[in-house]
Amino acid sequence: MSDARPFEGQLALVTGASRGIGAATAQSLAARGAHVILTGRDTKALEGVEDAIHQAGGSASIAPLELTEPDAIARLATAISGRWEALDILVINAAQLPQLTSVQDIDLKAFNRAIGTNVLATQALLTCFTPMLKKAKRASVVGLTTSVATKPRAYWSAYGATKAAQEVLLDCYAQEMKNISAIRVAIVNPGATRTAMRAKAYPGENPASVKAPEVVAEAIAEALLGDFPSPNHFDVNPS
């Protein structure tokens, strides 16, 4: 392992890696030496991120899937564990943003999709990949969150509720793993970032007025290089 490639020999799995923060994080980890498994629903977009990583001298594989499909995560874990012994980094980035609306007007179909992606898939990822995480010398789980998970805001109830539930899962998992494994957990609030989800929530906003996903990706990678208490909640400041 060199200073330039501190994650050399490590395996990382990034969900929602086809674009935005997920893609940028995958590229950042690969640039530092990790082999990154890219998951997402858009195969073509995943291939684009994989190509960018390879062209930069990194290593990556794609695993297209829908996280909410029955047994999809379990099948993914079986496939990965059949090739690699340990998982060093798990980045839970994929998320669903339901339409912003009042509590009484929440669309239940969209709410259920968000619960499936933001909550149930998080639990399934932790369940299915804990055996591989436990085999790493120092494993890290990173969960991307939002300020509305802890500071409720009108019309953001559906998204905020699912992300609050996700934070509780991650926080409890960190406490449960603390004394029986080398698994540590970081819960990261990226703040205002130039992503498709941000554009959906703020259609009138100038994208150039908020930070690029690469800023968040670099903050995550740098955090993983150091020591931090588990769980570690931190915000990424604007650049």
Could you please find all residues in the stretch 108-126 being of a type outside the set (A, V, I, L, M) and in contact (Cβ under 8 Å) with a residue 40 or more places away in the chain?
PHE111, ARG113, GLY116, THR117, ASN118, THR122, GLN123
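Among the candidates ALA60, ALA52, ALA56, ALA74, single out the residue that is of a type in the set (A, V, I, L, M) and touching a His at 6+ places or on another chain (Cβ under 8 Å).
ALA60
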I need the helices (runs of 4 or more DSSP H) fully contained in the stretch 71-176, keeping only those with at least 1 residues that are more than 29 Å from GLY9 (Cβ to Cβ) and in contact with a Ser or Thr (Cβ under 7 Å, 6 or more places away or on another chain).
108-115
Out of ALA45, ALA31, report the one residue that is open to solvent by 60 Å² or more (accessible area, probe 1.4 Å), aliphatic (A, V, I, L, M) and at pLDDT 95 or above.
ALA31
Taking the stretch 183-221, which residues are at pLDDT below 95, over 19 Å from VAL148 (Cα atoms) and assigned to a helix (DSSP H, G or I)?
PRO207, ALA208, SER209
Tell me the residue from ALA196, ALA186, ALA161 that is in contact with a helix residue (DSSP H, G or I) (Cβ under 7 Å, 6 or more places away or on another chain) and surrounded by 15 or more Cβ atoms within 10 Å (Cβ to Cβ), please.
ALA186
Quick check: is even one residue across the stretch 134-155 open to solvent by less than 60 Å² (accessible area, probe 1.4 Å), within 19 Å of the chain's Cα centre (by Cα) and over 20 Å from GLY16 (Cβ atoms)?
yes
Which condition number in (1) farther than 20 Å from PRO98 by Cβ; (2) in contact with a helix residue (DSSP H, G or I) (Cβ under 6 Å, 6 or more places away or on another chain); (3) open to solvent by 40 Å² or more (accessible area, probe 1.4 Å) is the one that CYS172 fails?
(2)
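The values are calculated or read from the model by the stated rules, or taken from the named source; none is laboratory data. Here the structure is a predicted model, which means the values were calculated and not measured. Please note: Cβ atoms are built from the backbone with ideal geometry, for glycine as well, and neighbour counts cover all protein chains shown. To get the accessible areas, we keep the full protein, side chains included, count just its heavy atoms, and leave off ligands, DNA and RNA. Shrake-Rupley method; radii C 1.70, N 1.55, O 1.52, S 1.80 Å.
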